[in-house]
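The values are calculated or read from the model by the stated rules, or taken from the named source; none is laboratory data. These numbers were taken from a predicted model, which means no experiment stands behind them. When we count neighbours, we look across all protein chains shown, and the Cβ atoms used for this are built from the backbone with ideal geometry, even at glycine. Areas reflect the complete protein model, heavy atoms only, side chains present, ligands, DNA and RNA absent. Shrake-Rupley method; radii C 1.70, N 1.55, O 1.52, S 1.80 Å.
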Amino acid sequence: MANMKKTWNGMNLQNKVATIIGLAALMAVIIFGSNWLYYRFTHAITDDAFVESDLINVSPRVPGHIKELLADESDIITKGQLLALLDPSDYQAQLEMYEAKLDQIKKAVEVTRVTLQKAREMVAHDIAIADEGIRQSQAGLKKARADYDQVQKDYPRIENLYKTKSVPKSRFDMMQAQKDAAAAGVNAATAAVETAKKMQQKAISAKLTVVELEKTLTAQEQSIKETEKALAIARLNLEHTRIKSPVNGTVAKKFIFAGDYANPGFPVFSVYDTDNVFVRAHLEETKMKGVQLGQSVDLEVDAYSRKMFHGNVIKIGEASGAKFMLIPRDTTTGEFTKVVQRIPIKIAITDDAERLLKPGYSVTVNIELN
């Protein structure tokens with residue numbers, strides 16, 4: 001100790017300053033190194049990570065020629081914003097056709113309803129008259145038969161009196177005329193009853209007209225329902241000529257241009273959903289111990305080297321990425337090289353209110369371990 005003090009005292013000022021600076025630097029290295037080592041041991045770190053977002057292909061729901069494009073690549077768009085217009089001419093014509101057809105059917109229904117109502121009233125009136133005619137004719141037939149029966153009773157008595165010369169011939173002739181008239185009255189009353197029955201049957205048969213009109217009305221009302229459905233579809237198809245954004249986001253790619261023919265299922269734009277930006281990391285299986293849902297994550301983004309972003313683990317893959325390769329590795333031949341597998345991890349970004357992070361940015365992920 002005395003030697004060190006003596007040595008220190010024997011040093012000039014320049015050496016003393018250099019020694020102090022060296023010791024300070026050594027202490028800084030020791031502190032920094034300790035912190036660095038501690039951070040490395042308490043975090044699972046990988047640079048196999050990128051900022052990602054849901055990529056949505058926006059395609060038309062009906063086919064048609066692109067009339068106008070209202071957005072371009074890199075444009076920031078909002079949910080429901082109009083992105084493109086298809087030529088609506090065909091769909092407008094189809095809509096007008098169904099509107100005219102519906103109006104025509106409704107008018108026909110009104111005519112059928114009025115005709116049906118009149119037919120019902122007429123049939124009911126005719127049936128009532130026919131029923132009354134039958135009642136009256138049957139009453140007349142009953143009276144004619146009663147008169148005929150009375151004459152039949154009186155005729156033999158008058159005939160016997162005439163034969164015994166008890167009554168003159170004129171009286172007998174009168175009785176004969178009454179008999180003939182009574183028989184004719186029965187025949188006429190019977191014919192009247194038959195006529196009344198035919199009238200009643202005719203009136204009842206007229207009900208078939210009512211039934212046919214009812215069937216026609218039912219068919220027309222069903223046609224209205226079907227046409228209304230077709231009209232609703234036509235309105236929907238016309239609305240679908242207006243291609244809108246399904247999300248808040250940014251136009252990543254434009255695939256076609258004004259005048260091109262667009263088909264359902266073939267994208268017009270690809271849109272990044274800016275409401276759902278996240279980091280997808282692939283962490284080595286050897287670093288998975290201690291990684292759990294909800295853990296805090298420090299995110300170092302190459303594009304913003306002086307800014308630290310933060311997030312949370314929200315999803316841990318159930319299998320390594322190799323399991324989802326289009327051509328899986330075949331080790332049955334014995335050709336095997338052990339490779340450390342990587343597990344996909346999804347990380348929610350919690351402090352990017354300014355939306356600085358863009359899909360595709362490279363990220364170094366530091367997951368805090370339990």
With a 1.4 Å probe and all protein chains kept in place, how much accessible area does D47 have, in Å² rounded to the nearest 10? 110
Enumerate the lysines that K289 could reach by cross-link, defined here as Cα to Cα under 27 Å, with residues fewer than 8 away along the same chain left out. K315, K323, K338, K346
Let me spell out the model: positive unit charges on the Cβ of Lys and Arg, negative unit charges on the Cβ of Asp and Glu, origin at the Cα centre of region 171-253. What dipole size does that give, in debye rounded to 20? 440
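Carbon and sulfur: what percent of region 83-124's accessible surface (1.4 Å probe)? Don't skip to the end; give the middle numbers.
Working: 1470 of 2680 Å².
Result for region 83-124: 55 percent of the exposed heavy-atom area is carbon or sulfur.
What accessible area per residue comes out for region 57-132, rounded to a whole number of Å², with a 1.4 Å probe? All intermediate terms of the calculation are to be shown ahead of the outcome.
Values: 4800 Å² over 76 residues.
Heavy-atom accessible area per residue stands at 63 Å².
Report the charge-dipole magnitude of the chain in Debye, nearest 20, computed about the Cα centre from +1 at each Lys and Arg Cβ and -1 at each Asp and Glu Cβ. Could you put the intermediate results ahead of the total?
Values: 49 positive and 46 negative charges, 336 e Å.
Dipole of the chain, to the nearest 20 debye: 1620 debye.
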Among Q292, A206, L55, pick out the residue whose Cα is farthest towards the positive end of the charge dipole of the chain, where Lys and Arg carry +1 and Asp and Glu carry -1 on C-beta, about the Cα centre. A206
Ordering D54, D90 by the accessible surface of their heavy atoms, 1.4 Å probe, largest first, yields D90, D54
Filtered hits (aspartates and glutamates, Cα-Cα < 13 Å from K229, offset >= 8 within chain) -> E99, E221
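For the chain, what's the relative contact order in percent, using C-alpha pairs closer than 8 Å and at least 6 residues apart? Walk me through the numbers before you get to the answer.
On the way: 542 pairs, mean separation 118.5, N = 370.
Rounded, it is 32 percent for the chain.
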Along the charge dipole of region 174-285, Cβ charges K/R +1 and D/E -1, which of A234, N187, P264 sits furthest on the positive end? N187
Sequence neighbours fewer than 8 away in the same chain don't count; with that in mind, list the lysines whose C-alpha is under 24 Å from K254. K67, K79, K244, K358
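For region 247-294, state which chymotrypsin sites (Phe, Trp or Tyr not before Pro) are in a DSSP loop and have at most 16 other beta carbons lying within 10 Å of their beta carbon. Mind showing how you got there, number by number?
Numbers: sites: F255, F257, Y261, F269, Y272, F278; in loops: F255, F257.
When the chymotrypsin sites (Phe, Trp or Tyr not before Pro) of region 247-294 are filtered for loop state and at most 16 Cβ neighbours within 10 Å, F255, F257 remain.
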Charge-dipole axis of the chain as Lys and Arg at +1 and Asp and Glu at -1 on Cβ define it, positive-most pick from F41, I76, A100: A100
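Summarise the accessible area of region 235-292 (1.4 Å probe, protein heavy atoms) by the percent that is carbon and sulfur. Before the final figure, lay out the partial values.
Working: 1540 of 2950 Å².
It is 52 percent, rounded to a whole number.
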Magnitude of the Cβ-charge dipole (Lys and Arg +1, Asp and Glu -1) of region 72-203 about the Cα centre, nearest 20 debye, reported as 2260
Accessible-area value, I45, 1.4 Å probe, nucleic acids and ligands omitted, Å²: 20
